[in-house]
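The numbers here are math on the coordinates, done by the rules we state, and not lab data. The structure displayed is predicted, hence computed values, not measured ones. In this analysis, Cβ positions are derived from the backbone assuming ideal geometry, glycine residues included, and neighbour counts consider all displayed protein chains.
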Amino acid sequence: MPLIIRPETPADYHAAEHVTQKAFWNLHNPGCNEHYLVHKLRTDPAYLPELSRVAELDGAVVGTIMYSRAHVVAGDVTRDVLIFGPLAVDPAFQKTGIGAQLMQTTFQLARDAGHKAIIIFGEPGYYPRFGFVPCDRFGITTADGQNFDAFMALELVPGALAGVHGAFHYAPVFEDLPDAEVDEFSKRFPPLEKLRLPGQWGYEEETK
């Protein structure tokens, strides 16, 4: 059966959370919290279900992308932008183009809805192929004034970020993920072992 990109329904919630857990488990840190973010984001005022989608293959959810409102602030000037995340694909189906289809479908939905730009924190080896560039090209920093390769922006409309400078702010829910709550939520899924692995954030410093 062909891949179907469609809106998420309540019947998909557990599957989308499980896919996200499997996709991010031990990727950046031992374990992950992205599956709990998916759960909490759905009830957050910043969440945009009209842009968010799941990928279905042979009747099963194999991917998800979630959008929410964000903004860039410079003094008393605020510019609205989007952030997506998590973007997750079941490890059994990664590198098959599902993530690309989720993005391409939702980018067009966002353009059609009048949104101008997307800012993300993502893999710098992956997202540039879809048009993302470092935010420092636009004079945009993180909320605490930083810039790094994983902090990227995409103009959905050419020139949309011209003259947009300032600090990027996203919904507080992205950081309101206490470890104890994540561990309790993770009990809803088959147990997975937390491992410290090469390539994770801080691994080199910890192993020196």
*Label points 7 Å out from Cα along the Cβ direction at residue 149 and residue 180: separation in nm?*
3.8 nm
*Once both labels are modelled 7 Å past Cα along the beta-carbon direction, what's the residue 194-residue 100 spacing in nm?*
3.6 nm
*Would you list which aspartates and glutamates come within 15 Å of residue 22, measuring only between C-alpha atoms, while excluding same-chain residues fewer than 8 positions from it?*
34, 90, 183, 193
*Count the net charge of all other residues whose Cβ sits under 15 Å from the Cβ of residue 120, scoring Lys and Arg as +1 and Asp and Glu as -1.*
-1
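May I ask you to compute the full-extension gain from residue 14 to residue 201, defined as 0.36 nm times their residue separation minus their alpha-carbon distance, rounded to one decimal in nm?
Full extension from residue 14 to residue 201 adds 64.6 nm.
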*Longest site-free stretch - the chain; sites: GluC sites (Glu not before Pro), DSSP loop, at most 14 other Cβ within 10 Å*: 51-174
*Any chance you could check the Cα centroid distance between region 174-204 and region 35-55 for me, in angstrom?*
19 Å
*Set the Förster radius R0 to 25 Å, insert the Cβ-Cβ distance between residue 129 and residue 3 as r into 1/(1 + (r/R0)^6), and round the FRET efficiency to 0.05.*
0.85
*Cα-Cα over 28 Å: which of 40/116; 95/194; 116/187?*
116/187
*Mind checking the full-extension length gain between residue 78 and residue 137? Use 0.36 nm per residue of separation minus the Cα-Cα distance, one decimal, nm.*
19.4 nm
